[in-house]
Every structure is written in structure tokens, then in C-alpha cells.
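First comes the structure, then the notes that go with it.
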Amino acid sequence: MSSAAPGWGEWSIDPGPIIAIVLTGAAYIACYRRAHRRTGRRYAAHLLAFTSGLGLIAVALLSPLDSIGDRWLLSAHTLQHVLLADVAPALLVLGVRPPLLAHGLPPELLRALSPRARIGRVLRSQWFAPVALGFWVATQWAWSIPVVFDTAAAHPLLHTIEHLCLLGSGVLLWTVVVDPLPGQGRRAVWGRLGYLGASRAAAAVVCLPLTWLDHTLYSRYADAPRAYGISALTDQHIGGAGMCLIEFLVFGVAFIIVFLDLLGREEQGTRVTERASQPDLPKPARNPLNVS
Amino acid sequence: MATTTSLAPVPQIATHRAEPDRGDWTSWVTTTDHKRIGILYLVTCFVFFMVGGVEALLMRSQLAVPNNTLINAEHYNQLVTMHGTTMIFLFVIPVWAGFANYMVPLMIGARDMAFPRLNALSYWLFVAGGVVFYSSVFWNPPDAGWFSYTPLSNGTYSPTAGQDTWIYLIHLTGLASAIGAINIVVTIATMRAPGMGWGRLPLFCWGVLTQAIMLIVAIPVIAGAVTMLLTDRHFHTCYFDPRCGGSPLLWQHLFWFFGHPEVYIMILPGFGVISEVLPVFARKPIFGYRAIAASTVGIAFLSVLVWAHHMFTAPIPLVVLAFFMISSMAIAVPTGVKVINWVATLWRGSIVFRTPLYFACGFLVLFTLGGLSGVMLAIFPIDWQVHGSYFVVAHFHFVLVAGAVSAVMAAIYFWFPKMTGRMLSESLGKLSFWFQFVGFLVTFGVQHSLGLSGMPRRVYTYNADTGWGTDNLISTIGAFILATGVLLTVFNVVRSLKYGVVAGPDPWKANTLEWFSTSPPPAHNFDVIPKVTSVEPMKDLRAQIAQDSRNARATPTARMRLPVGAAGAVQSATSGGGEHV
């Protein structure tokens, strides 16, 4: 099989993703401006996170990564999937974390998301988190089955559905973890750490076999022209290890941030309860944990 | 308008009937009291520690000079296996179970563990594991090393029952650890004192809780692996035998998938001890409580995906090595966060130089050095050069002896007064520290040099022309200095049980709830469980009682009503220390 280099100039001008990204960006800017008008605050970190998320989706779907992943390298394809399922959704949801939505959404949408409305009830249901996790795990596993993966890569419509599933399940999972809904309160839900741990374990089920197996799994890439002189097996190892590494870092950092957030919420909740039971307690100090 | 008056809470007796202490040895054998089980754990672990230490000294004596004939090759292999297995499975892991058993219920304001009988079962399973393992010395001890790589440990190369006792040891102590871990998790999750939210949990409890969760995740893997090894050895299965389709590499994966979290299982409670000791003797709050707690759980989360750095010389694709190199280096970040926070805790503190602080500072220095050589070994081209050499031996002893054992020593000197009501001798303690510190550096510092000059680990002798003689002699001398330091602590403990100064409830003016009770605590721990209002509840109680005392002096007719269990807080608030009591 000949060794060749795929082109790095092959940017896609597929109108579907472009329109979706532009519309989403426009909606976010409107939300951002409304929140800024109402509160006078600048949500720079929110803006940076959301635009980075959209940027990563653009990189995943429009850059040469897409064509290289389609026709040459499994490792490029797995990188594309990690960006769509793990990294971009995390950034998008971080971009709408509290208090942005509460101040930025139009009243009719806020009403739809309120606990009394149907959508709001679904999102706050005790079943939402396990269902979101289950959907994410099922998506990760199902689209990694060799026959399914190869078929999806060969059929554009199926491929688009695969990408939508990855992105959608990622957004749902990170919604559970980040908890961006307005009016959700500041309860410490320690199950969020459990969901992160479970998603880490589920992701490892996909990336570890790719990293360690001594035979190729995906016939499409075993038979593909060899790019950059990388053998099919090495390509698979790079794909698996890269997937493991990115998820390792993303989930690891998220785990620590969520843990810190939960400790803060827990302490805040305890303080509120104490003040309610003993109104003569002094106001909480600036450093409520009495620690440096 | 009607006026209301608030009354101070009246102490209540929460225990309606307590089993009278029979006072004989059967009361120890049948006990379900967490404190007694903790002491049983600690005493048993130290017996094994002594045995493992003697095995280490025998090995060092054999290596002191070239071509030594004190011990033959077969016995040397057996000593290596017994020493490693004893120190890991019969000392470092269970010793934390001992401290956790004794201290966690007291620290969280509980009267016992959630499942007291399960707690006793856990201890006796651990003892059974040790007895089964050491019964092999009467026949054929195992000799395949503490990680029992196949094919060395299969039926062909280890045909005797010694290897089977190793397998049963893992089964029994693994079951003990898993049961104990479940008990710890349930206890901490459900039995904390009023007001003790997760953000106020003592850092030792965070370490123990995280360790327990890691045990629950990791133990089934090693239990499965040793069961597979057992069936390979006796029922002709082929999990690890390449002659019939098995893979020796599979054993390495399974063992190290357990083995690397195991490193953190051994050290996380030690981190907790250091986080408790430093603020008490620096006389200031711990710096970065949340950062230390978060780095503890972060280490646990990350540690399950770094195991292959123990296998860098196995046939593994380069890109996979690169992944495990980066992930192994990443895990140094939360560890570094802890070290920085500990140093910041000491910074500008009103430091009281007592023996627990000596060991905690020794830990900081030596563990950081061990961590640095760990980062070096995470770089796979460096690991290729020194893998299987004495450099690796030096590294993991810096982490485990300097890390875990220093923390254990700090814990002993810190909590001995609470457990026995007596203080340990400060002068003997400091002497013991210096012997251990210097002895440790002499023993293991020079082993880096031996490893870099090519001396492989697990060789029972070497030729004079290798040039390793002097370094080995220095290392052996250091080992005996280190052993002297440990013996000084043992002597100190035995002597102080009878002659130690009476400690009083809170001799250190410490921060956590175990010091609220008497020393040693009564069977039910507390008559009254206080309400926790910060991460330093004892400091709050002392302040409150001091304020009440001032009020009482200002209005002599007023009566103070103090909770019966507030012995520690009253004593330290009014007298400020216990040694003179």
C-alpha cells in the first residue's frame, strides 16, 4: 500500500454545520447581550467558553480533520469524536452556566424551563441524570462497534446522525455535571461526581481496547491508504491513546472543579441552615471555612 | 410582650445500656468496639512490620559485602518476596485501617463504626491472611517476588504451596480491606456529627474515605487476577500461560491496574495525617483545606489510568508509552498542590517543635524527593535505562518508607496520648526521628547511585569487580541505623504505656473532635456530641468555653453548664496543655 499525505488545505464548506454554528452563535450573543443589559456584568469567561466550544465544533466538522478522519486515519476520526462528544459540549455548557441563562433568556423560554413547565419538569426530574448518562454511554459504545463505525464513516447521512448523537449526548451529560439551569438553586448534588466517574469508566471501555489490542478493529482504516507512513495498527494505537489522554485530562480537571464547587455549595447550605436555626449567629465571615 | 429565654442544652445520656467490660483477653478477642479493633490492627501490623524489618536487615546483611554467603539465592528470593508482601499487604495498608478504625468515628463525632461486627470480621480476616502466609515459612515460602509475575509464579516455576499461600493472603487481606472500606464509607457518609458537612470533614477522614473508595474499585481486580493464577496453577486453565494461548502480560496489566492505585491507597491516609499534624503544631489553620481535599480525590480519580508506567519495558507501542508518561506526570500536579499547601501551612506559623511535627517535616522532605524520582521514572526513556535496577528500589522506598512510614510515625506520636492517656517521651521520640531520618537517607539515598551504576534489584550477591561494594556497605549500615530508630520508638511506646506523663484530653490543643473526649475515650466515645461549626471544631469549642468562663467570672452567681464530654475543650481552654496534668 502506498504512503501518501492527505491534504491539509481541504476545508469543508458544508452548509449544514456552518448554518448551525452561525445560528447557535447568534442566539448565544443575543442571550449574552440581554444578560449584560440586565445585570451590567460582563460574562467574559462564559463567552470564551462558549465560543471555544463552537470553534472546536467548527474544527471537528469543517477542518481537514474531517476529511483526513473520513478517508485516511482512524486516529483523526477518534479525535474528531472526542472533540464532539467530550470537549466541545463541556465548553458549550460552561458557556451557559449560572447566572447567564437566568438573565439572558427571553421570558417565554424562562417560563418553559421553569419547574412548573413540562420541559423544566423533565430537566429537573430525578431520572434526567441517569438517562443522560445512559444515553452518553450508549452513544459512545454503539458508534464504536466496528461494523457500525465503518458503515457510518461510509454513509454521509449516517455519519451526520452519528455526530449529532455524540454532540447531543455530550451536551446532556455536561448539563448534568455543570447544572446550568436557571433557578436550580445551589444544592450540593454529590451524585454529579458519581456521574463523572461512571462516564470515565464507560469511556475507558472504548479507548483502552483501541490502545492495547494487537490487531486492527476497523476494516475501513485497515484498508485505507497509509498516511504519513503510519501503519494501521499504530494508527489505531494513536487513536485509542489520544482518546484516553484527552478524556483523562478533561474528566480529571472536571472532577476536581466539580468537587470544589460541591464543597462550596455544601458549606453554603450548612451556613444557611445554621443561620435559619440560630438567627443571632454572626454573619458568615469572608472566609467561611475559617481556613486560609 | 412576652419574653423568651433560651436555655443551654442539657447533656443527655444517649447510651442506655453498655456491655460491662470483662477485662480479660476474651473481651479483646470478641470485641466490636472500634477503638479496640483499631488497637488490635495497630499491634498486629507492628508485629508484621518488625518481621518485615528483620527480613530487610537479613537481605542488607547479605549484600553488605561482595560474594557474601550468609544467605543462599533461594532463601534470598524468599526473603525478597516475604519482605515486600509483608510490608505492603500486612503493614502499610492495614495500619491505616487501624488508625482509621480508632480515629474516624471519634473525629466525625460518632459512637462507633456503622457495622461493628463487620469491622471485627475485617480484622480477623486480615489476621487469617497473615497467618496463612507466614505458615509457609515452615515449608516452602513463596519466592516469585511481591508482584508474582507469571511465569515465575505459575505451577512450573513455583510448584510449591508457598505461592498458594501468597494467593490466599491476597484473597483474605483483600476481602478484609474491601469489607473495612465499605464500613468506612458508610460510617463517614452517615454518622457525622451535627453540622459536620462535607466541607468540614477532617482531612484525615478525606484521605481515609478516598482510600476506601479506591480499595473498593481496585480490590476486585487483584482478587480476580489471583483467582485466575490459582486456576492456572491447579486446574490447568491458560490465562497467563503462552503455551496454550494465555499471556503473561495480562498478569502485569491486572496486577498493576490494582498496583498503582495501591500506591495511593498506601499514601493517601498518610497525606491526611500530615494535614492534621501540621496545623496543630504550626498553630494556624491548614492552608487551602479545599485544595488539599480536592487534590486527594483528584489523585484517586487520575490514578486508575496510569498503571502501565510499571510496564515501560514490556512490548508496548511507543505512542502508548507516551500516553502513560503524560498521564503519570499529570498526577504529580495534585500531589504538588498538597506539598505547596503544607509548606504554606508552616509558613509564618508559631511552630511548636514536637515529635509529630518532626516526622511530618521529615515526610515533606523525603516524600518530595521520592516524588521527584517518580517523575523521572515516568519519562519512559529514563525508565528504560534504570528499570529493574536499585534506582527503582530507592524511588519506591523514598515514597513508601519516607512517605507512609514517616506518616505512620507522625500518627503514632500524635495520637498515642489519645489512645492511651499517656504522652510518649519527647526526647526518645526526637532521637528516634533523627535515627530514622539519617538512617533512611543513608540506606536509600546511596541506592540511587547503585541503580545508576547498573546494579539490578533482587540479586542475592555480586562480584567485587562491579564496584558496588562500598555503596552496598553504606546502605547496610544505614539500614541498621534506621532499624535502631524504629526500635527506639517501640521502646518509647512500651515504656510510656506505664511511665509516660499523663496526657489529659487535649495535650496538643488540637483541632478535631477526637480531642473533645477523654484520653483514652470511654466505650461510647462521647456523652454529648457537639455541634460542629467549622473545620476546627475544638478551636471553636475552646473559644466558646473561654468566653463562657469570662462571663462566669464577671457574674459570679451565674452557673456554667458544660457538656460532660467537653473534657478536652475545657482543659485546654483553661489550662492550655496536658503534659503537666
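Between residue B:422 and B:503, the built amide H atoms are under 5 Å apart, and every one of these is 5 or more places off in sequence or on another chain. Under the convention that each Lys and Arg Cβ holds +1 and each Asp and Glu Cβ holds -1, the size of the dipole of chain B around its Cα centre is about 1860 debye. Packing, as the average of other Cβ atoms within 10 Å across residues, places the peptides B:492-500, B:265-273 in the order B:265-273, B:492-500, highest first. Positive end of the dipole of the stretch A:55-161 (Cβ unit charges, origin at the Cα centre): among A:88, A:143, A:157, the Cα lying farthest that way belongs to A:88. Peptide B:193-200 is shielded by partner chain Cβ atoms: per residue, an average of 6 of them sit within 10 Å of its Cβ.
Please sort B:362-368, B:389-395 by packing, taking for each peptide the average over its residues of neighbouring beta carbons within 10 angstrom, highest first.
Details: B:362-368: 21.3, B:389-395: 23.1.
Those peptides, ordered most packed to least, come out B:389-395, B:362-368.
Evaluating 6.51 cos²θ - 1.76 cosθ + 1.60 at θ = phi - 60° for every residue in the stretch B:27-36, the Karplus couplings come out as 5, 7, 5, 9, 5, 10, 6, 4, 6, 5 Hz, glycine and proline recorded as x. Across the stretch B:208-222, computed HN-Hα scalar couplings (Karplus, 6.51 cos²θ - 1.76 cosθ + 1.60, θ = phi - 60°) run 5, 4, 5, 4, 5, 5, 5, 4, 5, 6, 8, 4, x, 5, 6 Hz from first to last residue, x flagging Gly and Pro. In this Cβ point-charge picture (+1 for Lys and Arg, -1 for Asp and Glu), the stretch A:1-77 has a dipole of about 840 debye about its Cα centre.
For B:69, B:518, what ranking results if the residue with the fewest other Cβ atoms within 10 Å of its Cβ goes first?
Values: B:69 9, B:518 21.
Ordered by Cβ neighbours within 10 Å, fewest first: B:69, B:518.
Cα gyration tensor of chain A, axes a ≥ b ≥ c as square roots of the eigenvalues: rounded (a/c below 1.5), prolate (a/b > b/c) or oblate? Write out the running numbers ahead of the final one.
On the way: a/c = 2.41, a/b = 1.81, b/c = 1.33.
Prolate shape, in that a/c is at least 1.5 and a/b is the bigger ratio.
Using the alpha-carbon positions of the stretch B:152-249, Rg (one decimal) and Dmax (whole number) come out as 19.0, 61 Å.
Where does the charge balance sit around residue B:191 when Lys and Arg score +1, Asp and Glu -1, over other residues with C-beta under 9 Å from its C-beta? Write down the numbers at each step before the final one.
On the way: positive: B:111, B:192; negative: B:112.
For residues surrounding residue B:191, the net value is +1.
Each distinct pair of alpha carbons in the stretch B:302-389 adds a 1/r term; the inverse of their mean, the Kirkwood radius, is 14.8 Å.
Can you bin the stretch A:32-146 into rounded, prolate or oblate? Criterion: square roots of the alpha carbon gyration tensor eigenvalues sorted a ≥ b ≥ c, rounded for a/c under 1.5, prolate for a/b above b/c, oblate for the rest.
On the way: a/c = 3.42, a/b = 1.49, b/c = 2.30.
Since a/c reaches 1.5 but b/c is at least a/b, the shape of the stretch A:32-146 is classed as oblate.
Projecting the Cα atoms of A:260, B:99, B:121 onto the dipole axis of the protein assembly as shown, where Lys and Arg carry +1 and Asp and Glu carry -1 at the beta carbon, places A:260 farthest toward the positive end. With everything on Cα atoms, drop me the angle between helix B:248-282 and the longest principal axis of chain B, reported from 0 to 90° to the nearest 10. Its long axis makes an angle of about 30 degrees. Can you tell me the 0 to 90 degree angle between the C-alpha axis of helix B:426-440 and the longest principal axis of chain B, rounded to 10? Approximately 20 degrees, to the nearest ten. Using θ = phi - 60° in the Karplus curve 6.51 cos²θ - 1.76 cosθ + 1.60, the 3J(HN,Hα) couplings for the stretch A:124-141 round to 9, 5, 5, 8, 4, 5, x, 5, 4, 5, x, 5, 5, 5, 4, 5, 4, 6 Hz; x is entered for Gly and Pro.
Taking amide H atoms as placed 1.01 Å from N in the peptide plane, the amide H of residue A:227 lies under 5 Å from those of A:4, each 5 or more residues away in sequence or on another chain.
Pairs of Cα atoms nearer than 8 Å and 6+ residues apart set the relative contact order; for chain A it is 23 percent.
Show log10 I(q)/I(0) for the protein assembly as shown at q = 0.06, 0.08, 0.09, 0.11 Å⁻¹, two decimals, from a solvent-free Debye sum over equal Cα scatterers. With one equal scatterer per Cα and no solvent, log10 I(q)/I(0) is -0.47, -0.82, -1.02, -1.37. Using Cβ point charges alone (K and R +1, D and E -1), the dipole size of the protein assembly as shown about the Cα centre works out to roughly 3640 debye.
Residue by residue along B:284-297, Cβ atoms of other protein chains within 10 Å of the local Cβ number 4 on average.
If we count other beta carbons within 10 Å of each Cβ, what is the order of B:514, B:74, fewest first? Please report the intermediate quantities before stating the final value.
Working: B:514 29, B:74 12.
If I rank by nearby Cβ atoms, fewest first, I get B:74, B:514.
Give me B:359, B:398 ranked fewest to most by other Cβ atoms within 10 Å of their Cβ, as a rough exposure proxy. If I rank by nearby Cβ atoms, fewest first, I get B:398, B:359. Out of every Cα-Cα pair that chain B contains, those further apart than 46 angstrom amount to 16 percent.
With a 10 Å radius around each residue's Cβ, average the other Cβ atoms per peptide and rank B:180-186, B:460-466, B:406-412, highest first.
Numbers: B:180-186: 22.7, B:460-466: 13.7, B:406-412: 26.9.
Taking the mean over residues of other Cβ atoms within 10 Å, the ranking is B:406-412, B:180-186, B:460-466.
Residue by residue along B:531-539, Cβ atoms of other protein chains within 10 Å of the local Cβ number 3 on average.
Values quoted throughout were computed directly from the atomic coordinates according to the rules given, and no laboratory measurement underlies them. In this text the structure is predicted, and so the values were computed from the model without any measurement. Positions of Cβ are generated from backbone atoms using ideal geometry, with glycine treated the same way; all protein chains shown enter the neighbour counts.
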